[in-house]
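Right, one structure below, let's go through it.
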Amino acid sequence: MELRHLRYFVQVAEELHFARAAKHLGISQPPLSQQIRALEDELGVRLLDRTSRRVMLTPAGRIFLEGARATLQQADRSILTARRAARGELGQLAIGFNASAPFVTQVSRAIHDFRQAYPEVTLLLNELPAAAQIEGLDDHLLDLGFMRSPAQPVLPAGLTAQRLLREKLFVAMRPDHPLASRDGLHFTDLAGEPQILYAQDLSSGFTEELMGMFRAAGVEPLIAQRVREVTTLFSLAATGIGVTILAESICSLQSASLVYRPLIDDCATTSLWLLHRADEMTLPCRHFMDILALPL
């Protein structure tokens, strides 16, 4: 039994007229009659009573009609689902990210636009440190990752990284801090200044990168507090416990209790990288990269 046999039967059952059904189906009447008879022979059941004047469903035909319609509807749904999956409109997209990535305009806009364009793709967002992102990508548990690194990350074979943006670093401090009156700062200006740092196991490399910049400038950072939430950086800096250094994108979180001053050393920049597999990318992954306008 083929789906076309069911479609033929449903059309005849709805029209109760072979000629009209054949015209609707785009075939001639004799082949249609033959296909219906072949279906009845296969089932061993008479589905239609035919006379020269009318066509009627038998009791078995009425019951079979319900099942035939349900089968065709399910088949149509399955075909549609398969086609949508083939276009990347279904499935899931798993993204790992560092704490600052959602504050980057390109990232937040891409997530929003992706959800609007592909509402039935399950979007799994996981805040993870760099090592966990790389491991997740390597194990095919993640499709994409966002991490910070001053240079292109060294990755296992099969993974690649594309720079999404390079941005300046800023010092956040209370408005009454002695350094707040300056237009720009150097790392050497922060010698002896208590620092509030994001926890290294969550920073996706940013904290390690920052410590390296201090030491390259000949400054040993004075660590006042390590925190595990970005908002805690702001709240503790606002209390005057210390200053904190942020990527420029995070400065979009304005606070009346803080001012931001740029670090003007040449090295005082940070880069956000998009990590993904070099091949075997899913269609949802490719669609997301299209939205980010990054080359595949």
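The values are calculated or read from the model by the stated rules, or taken from the named source; none is laboratory data. All values reported here derive from a predicted model rather than from experimental measurement. Counting neighbours? That spans all protein chains shown, and the Cβs are built from the backbone with ideal geometry, glycine included. We work out accessible area using only protein heavy atoms, side chains counted, and drop any ligands, DNA or RNA first. Shrake-Rupley method; radii C 1.70, N 1.55, O 1.52, S 1.80 Å.
Looking only at residues that are out of contact with any strand residue (DSSP E or B) (no Cβ under 9 Å at 6 or more places or on another chain), open to solvent by less than 70 Å² (accessible area, probe 1.4 Å) and without any contact (Cβ under 8 Å) to a residue 40 or more places away in the chain in the range 45-75, which one is nearest to Leu283 (Cα to Cα)?
Ala70
One residue is enough: does the range 241-250 have a residue meeting the conditions open to solvent by less than 10 Å² (accessible area, probe 1.4 Å), among the hydrophobic types (A, V, I, L, M, F, W, C), in a helix (DSSP H, G or I) and over 22 Å from Leu165 (Cβ atoms)?
no
Of all residues in the range 258-283, which are surrounded by fewer than 15 Cβ atoms within 10 Å (Cβ to Cβ) and in contact with a helix residue (DSSP H, G or I) (Cβ under 9 Å, 6 or more places away or on another chain)?
Let us first name the residues in the range 258-283 that are surrounded by fewer than 15 Cβ atoms within 10 Å (Cβ to Cβ), namely 266-267, 278-280.
Correct list: Cys267 only.
Please work out if Leu125 is exposed (fewer than 14 other Cβ atoms within 10 Å of the Cβ), part of a strand (DSSP E or B) and either over 13 Å from the mean Cα position of the chain (by Cα) or not β-branched (Val, Ile, Thr) (or both).
Yes.
Working carefully through the options Arg84, Arg37, find the one that is open to solvent by 70 Å² or more (accessible area, probe 1.4 Å), without any contact (Cβ under 8 Å) to a residue 60 or more places away in the chain and either out of contact with any Cys (no Cβ under 9 Å at 6 or more places or on another chain) or part of a helix (DSSP H, G or I) (or both). Give the derivation first.
On the way: Arg84 fails: open to solvent by 70 Å² or more (accessible area, probe 1.4 Å).
Step by step, each of Arg84, Arg37 is checked, and only Arg37 is open to solvent by 70 Å² or more (accessible area, probe 1.4 Å), without any contact (Cβ under 8 Å) to a residue 60 or more places away in the chain and either out of contact with any Cys (no Cβ under 9 Å at 6 or more places or on another chain) or part of a helix (DSSP H, G or I) (or both).
Using the structure shown, decide if Leu93 is in a helix (DSSP H, G or I), surrounded by 14 or more Cβ atoms within 10 Å (Cβ to Cβ) and in contact (Cβ under 8 Å) with a residue 12 or more places away in the chain. Quick ask: steps written out before the conclusion?
Working: in a helix (DSSP H, G or I): no; surrounded by 14 or more Cβ atoms within 10 Å (Cβ to Cβ): yes; in contact (Cβ under 8 Å) with a residue 12 or more places away in the chain: yes.
Criteria not met by Leu93.
In this structure, does Ala237 turn out to be small (Gly, Ala, Ser), more than 22 Å from Val154 (Cβ to Cβ) and open to solvent by less than 10 Å² (accessible area, probe 1.4 Å)? Even if it seems obvious, please write down each step before you answer.
Details: small (Gly, Ala, Ser): yes; more than 22 Å from Val154 (Cβ to Cβ): yes; open to solvent by less than 10 Å² (accessible area, probe 1.4 Å): yes.
Yes.
The conditions are (1) in contact with a strand residue (DSSP E or B) (Cβ under 9 Å, 6 or more places away or on another chain); (2) buried (at least 20 other Cβ atoms within 10 Å of the Cβ); (3) under 14 Å from Met289 (Cα atoms), and Gln106 fails exactly one of them. Which is it?
(2)
Going by the conditions given, is Arg286 touching a Gly at 6+ places or on another chain (Cβ under 8 Å), open to solvent by 30 Å² or more (accessible area, probe 1.4 Å) and more than 20 Å from His112 (Cα to Cα)? Spell out how you get there, then give the answer.
Numbers: touching a Gly at 6+ places or on another chain (Cβ under 8 Å): yes; open to solvent by 30 Å² or more (accessible area, probe 1.4 Å): yes; more than 20 Å from His112 (Cα to Cα): no.
No; evaluated as a whole, the condition is false for this residue.
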